[in-house]
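The values are calculated or read from the model by the stated rules, or taken from the named source; none is laboratory data. Computed from a predicted model, the values in this text were never measured in an experiment. Glycine gets a Cβ as well: all are built from the backbone with ideal geometry, and neighbour counts include every protein chain shown.
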Amino acid sequence: MSRKTLGYLLILPSAIIIIVVLVYPILYSGYLSFFETFIGPGTLTLTPVGLKNYVETIRSPQWWWAFGRTAYFVLYDIVVGMSLGLGIALLLNKEFRLRGVARALVLFPYVLPSIVKALMWKWIYNSDYGFLNGLLFQLGFIKDYIPWLSNPALAIHMVILANIWEGTPFAIIMYLAALQTIPKELYEASEVDGATSWQMFTKITFPLIKPMTFILIVIKTVATFKVFDLVYALTAGGPGGSTQVVGYLMYSTVFDSLQFGKGAAMSYILLVIILVLVFIYSRLFQSEED
Amino acid sequence: MKKFLVSILVAIFSLAVLSFGFGQEVELNTISGPDVDFLLKRAQQFQDKTGVRVNITVVPYGRDQNIKLMSSFLAGGSQYDVYVIDCVEVPQYAEAGWALPIDEYVTPEMKKDLLPFAADGMIYKGHWYGLPWASEWKSFLYNAAMLEKAGYKDPPKTWTQFVNISKKLQNSGIVKYATAWSWAGKECLICDFVAVAASFGGQFFDEAQNPLFNKGASVKALQWMADSIYKEKITNPASIMWTETDVNKAMEAGDIAFGLRWGLPLVPLNDPSRSKTVGQWKIGLMPSVDGKKPYTVSGPMGWAISFGTKHKKEAMDFIFFMADEKGAKLAAIEQGVVPGWASLYKDPDLVKAVPQLDTMLEQGKFVVNRPRVPWYHDFSTMFAVEINSALAQQKTPQQALNDAYQKTLQIKKDYEARSKK
């Protein structure tokens, strides 16, 4: 048996798993997106409808509202989440006692299962017994307990807050890794030249971590556009649909309304939108580097 | 030597694979909402009796099981063998062939003893699709101890009295919010809306299953529900995200003075292992706009068998273990599940264990049903979100109901068009 054949044989089990778990569902959902599905007696009936699912989705105000909410999520996650992540990473990059413990603790939100995080936040936001109400009330910031998840304007921001708490550790780890690749000599030299901390940050740190910033923006855009489990556990898209993001809308379309084709079409439209965004990001970063 | 070792390994592997298929104990799979303690206990008793293990998947809200069930049905129906089916699900599941008819197991003696309302909930087009289990409606409860503290002996009969008593309770500092409801954008909200709308004299659907809810009294009912949160401020605002489980907990904790509850509500409320308000609650007739329409919503449920089960006999044994006369009596006494067997209501053990059974049965004369149509699942998903929007002040009640009306007509039309193909 040649080395090439042996190589193919060795990767065959993984390839089969990838094809079954990844490639086949992607292709099948693409196929389904051109059909209308109906649960008939004893079976699922597929009726070919061409691009109808795509057109209906693009024309649907509900889709664009959900998309707008999700984009709002992404904006917060990128601006606030990454800024926080960078700030904490800068702190953790300094030498101080128990730095190792601090670095381990900041990973805590990242390692918890998503559903555990969501249920934890559900209790934090509880309108009668929640920690957040208790804390703000004791500190005198509020006179009465607030039903955080029952107010449409507040609910979405509470979910965003939980999402930022969940996603920031990833930004911290990535930025910490990037910061540690910056040669210390650059800071030493600039210090000798009399540069302030702000100048060191803007002239040395920020430019050198730009590639990581680009990677994080792309990853956070993709990850946050898919947000689902937090919304499902905290608000189930309510109250009044005010936290219905595209991930939850797709889930509801497929599993509540049993419109598999339409749900598949939505996922492909989302894929195209995300690809366009990533293309725009890469162009922006490339032009800056040029 | 190498070939010998490889042969031994292959032999052991083959034996392991083969033995996996033989001598395997029969296991049944079912699915349940979060209040699962009683089911766990009964499943263990069933296993001790028959040797058949029952595995239970738990979902955070009872009706969330529908999504998992439907996914399993589309994949062949063998993932869950038995499940509790709601009366509103029977038409869809029957039309889709997801629930096995159990006609041959329902004897004439059983039919004679079953409450007509319980039996009707499980019958569709002349066939039985479930054995009646929780043959229930929502009862109106009031904390008599709290009302007495505020100077009231009797529960409210009208919604005006309800509001006034609620405000007195709140102003006296007895409770922060007099009441809470299960108004999350799910089936629980539809149940409460149907009950309140009927108590206002509103109609949900006509006999031809055409929607009527965007007119007159039903709109007033939804307006009243919204006003109870924002204008009268007697309903806990968190209600618009609560399911029945949250309301039940608030009642058991003594956080509210009024609430609706399924089943035999005084059984869990008087259980010291879960309630801090033992002996405080009483059942009253549902308040209404004029005191003359104490209507509530019905919701009979039954145990059903999946069409894809590979253990039909064991599945039948289990559903009869849970819901026959003996099983239903135990469930009533221990868990407060309303039995569908008429003879049980004369059983001295049940009468002794269930306080105010007579008042509960009086309420049972004033029940309204939700429509039993094959497109109910699509309708329910849409309708719950629309009325939740009104309660969240995203839309006015009239706008929400008008939007729901248009969408209902479309859902019905789409279903009928597809059914003809």
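Quick one: in the range B:159-179, which of the residues that are surrounded by fewer than 16 Cβ atoms within 10 Å (Cβ to Cβ) and not basic (Lys, Arg) is nearest to residue B:253 (Cα to Cα)? The qualifying residue nearest to residue B:253 (Cα to Cα) is B:173.
Test of understanding: among B:384, B:390, which residue is out of contact with any strand residue (DSSP E or B) (no Cβ under 7 Å at 6 or more places or on another chain) and more than 14 Å from residue B:408 (Cα to Cα)? Spell out the reasoning first.
Values: B:384 fails: more than 14 Å from residue B:408 (Cα to Cα).
None of the other options fit; the residue is B:390.
Counting only residues that are outside any helix (DSSP H, G or I) and surrounded by fewer than 24 Cβ atoms within 10 Å (Cβ to Cβ), the range B:389-413 holds 4 of them. Could you go through the range A:49-71 and let me know if any residue there is within 14 Å of another protein chain (Cβ to nearest Cβ) and farther than 30 Å from residue A:242 by Cβ. Taking every residue of the range A:49-71 in turn, at least one turns out to be within 14 Å of another protein chain (Cβ to nearest Cβ) and farther than 30 Å from residue A:242 by Cβ. Scanning the range B:45-101 for residues that are more than 17 Å from residue B:381 (Cβ to Cβ), more than 14 Å from chain A (Cβ to nearest Cβ) and among the charged types (D, E, K, R) gives B:48, B:49, B:53, B:81.
Mind checking whether some residue in the range A:188-204 is part of a helix (DSSP H, G or I), closer than 30 Å to residue A:71 by Cβ and not acidic (Asp, Glu)?
Just the residues of the range A:188-204 that are part of a helix (DSSP H, G or I), to begin with: A:188-192, A:197-204.
Next cut, closer than 30 Å to residue A:71 by Cβ only: A:201-202.
Filter once more, so that each one left must be not acidic (Asp, Glu): A:201-202.
Checked the range A:188-204: at least one residue is part of a helix (DSSP H, G or I), closer than 30 Å to residue A:71 by Cβ and not acidic (Asp, Glu).
In this structure, residue A:264 does satisfy being assigned to a helix (DSSP H, G or I) and either at pLDDT 95 or above or crowded, with 21+ Cβ neighbours inside 10 Å (or both). So in the range A:242-261, with the set limited to residues that are within 12 Å of another protein chain (Cβ to nearest Cβ) and within 20 Å of the chain's Cα centre (by Cα), which one is surrounded by the fewest Cβ atoms within 10 Å (Cβ to Cβ)? Checking each candidate, the answer is A:251. Could you please let me know if residue B:219 is within 25 Å of residue B:245 (Cα to Cα), in contact (Cβ under 8 Å) with a residue 60 or more places away in the chain and of a type in the set (Val, Ile, Thr)? Here the answer is no, as residue B:219 does not meet what is asked.
Of all the strands (runs of 3 or more DSSP E) wholly in the range B:254-370, which have at least 2 residues that are in contact with a Lys or Arg (Cβ under 8 Å, 6 or more places away or on another chain)? Reasoning before the result, please.
On the way: elements: B:258-261, B:281-284, B:301-305.
By residue number, B:258-261.
Checking the condition over 26 Å from residue A:94 (Cα atoms), part of a helix (DSSP H, G or I) and away from chain B (no Cβ under 14 Å), which residue from A:218, A:227, A:231 passes? Working first, answer last.
On the way: A:227 fails: part of a helix (DSSP H, G or I); A:231 fails: away from chain B (no Cβ under 14 Å).
Among A:218, A:227, A:231, only A:218 is over 26 Å from residue A:94 (Cα atoms), part of a helix (DSSP H, G or I) and away from chain B (no Cβ under 14 Å).
Determine if the range B:389-397 includes at least one residue that is within 14 Å of chain A (Cβ to nearest Cβ) and farther than 19 Å from residue A:244 by Cα. Yes.
One line per residue, one yes/no per condition, for (1) without any contact (Cβ under 8 Å) to a residue 40 or more places away in the chain; (2) more than 22 Å from residue A:153 (Cβ to Cβ):
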| site | (1), (2) |
| --- | --- |
| A:52 | yes, yes |
| A:57 | no, yes |
| A:68 | yes, no |
| A:84 | no, yes |
| A:89 | no, yes |
| A:113 | yes, yes |
| A:124 | yes, no |
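Considering each residue of the range B:377-388, count those that are aromatic (Phe, Trp, Tyr) and surrounded by fewer than 24 Cβ atoms within 10 Å (Cβ to Cβ), and give that number.
Of all residues in the range B:377-388, those aromatic (Phe, Trp, Tyr) come to B:379, B:383.
Add one more test, that the residue is surrounded by fewer than 24 Cβ atoms within 10 Å (Cβ to Cβ), and what stays is B:379.
Of the residues in the range B:377-388, 1 are aromatic (Phe, Trp, Tyr) and surrounded by fewer than 24 Cβ atoms within 10 Å (Cβ to Cβ).
With closer than 30 Å to residue A:207 by Cα, among the basic types (Lys, Arg), within 24 Å of the chain's Cα centre (by Cα) and more than 14 Å from chain B (Cβ to nearest Cβ) as the only criterion, which of A:99, A:103 stands out? Don't jump to the end; show me each part of the working.
On the way: A:99 fails: within 24 Å of the chain's Cα centre (by Cα).
One residue alone meets the criteria, A:103.
Here residue A:202 meets each of (1) away from chain B (no Cβ under 14 Å); (2) surrounded by 15 or more Cβ atoms within 10 Å (Cβ to Cβ); (3) not charged (D, E, K, R) with one exception, condition (2). Across the range B:398-421, the qualifying residues are those that are under 26 Å from residue B:231 (Cα atoms) and among the aliphatic types (A, V, I, L, M), and the one among them that is nearest to the other protein chains (Cβ to nearest Cβ) is B:400. I want to confirm something. Restricting to the range B:232-248 and keeping residues that are within 10 Å of chain A (Cβ to nearest Cβ) and assigned to a helix (DSSP H, G or I), which single residue is surrounded by the most Cβ atoms within 10 Å (Cβ to Cβ)? Restricting to residues being within 10 Å of chain A (Cβ to nearest Cβ) and assigned to a helix (DSSP H, G or I), the top hit is B:240. Evaluation of residue B:113 against the conditions (1) in contact with a helix residue (DSSP H, G or I) (Cβ under 9 Å, 6 or more places away or on another chain); (2) at positive phi shows that the sole unmet condition is (2).
Restricting attention to the range B:374-388, report how many residues are away from chain A (no Cβ under 11 Å) and within 20 Å of residue B:226 (Cβ to Cβ). So that I can check it myself, show each step before the final result.
Here is the first cut: in the range B:374-388, the residues away from chain A (no Cβ under 11 Å) are B:376, B:383.
Next, from what is left, pick out any that are within 20 Å of residue B:226 (Cβ to Cβ): B:383.
Total meeting the criteria: 1.
Would you mind stating whether residue A:238 is within 14 Å of chain B (Cβ to nearest Cβ), in contact with a helix residue (DSSP H, G or I) (Cβ under 7 Å, 6 or more places away or on another chain), in contact (Cβ under 8 Å) with a residue 60 or more places away in the chain and assigned to a helix (DSSP H, G or I)? So residue A:238 does not fit the description; no. With respect to the conditions (1) under 30 Å from residue B:170 (Cβ atoms); (2) at pLDDT below 95, residue B:125 falls short on a single one, namely (1).
Would you confirm whether or not the range A:153-173 contains a residue that is within 14 Å of chain B (Cβ to nearest Cβ), within 21 Å of the chain's Cα centre (by Cα) and part of a loop (DSSP other than H, G, I, E, B)? No; the residues of the range A:153-173 include none that is within 14 Å of chain B (Cβ to nearest Cβ), within 21 Å of the chain's Cα centre (by Cα) and part of a loop (DSSP other than H, G, I, E, B). Of the residues that make up the range A:272-283, is at least one surrounded by fewer than 20 Cβ atoms within 10 Å (Cβ to Cβ) and within 13 Å of residue A:57 (Cβ to Cβ)? There is at least one residue in the range A:272-283 that is surrounded by fewer than 20 Cβ atoms within 10 Å (Cβ to Cβ) and within 13 Å of residue A:57 (Cβ to Cβ).
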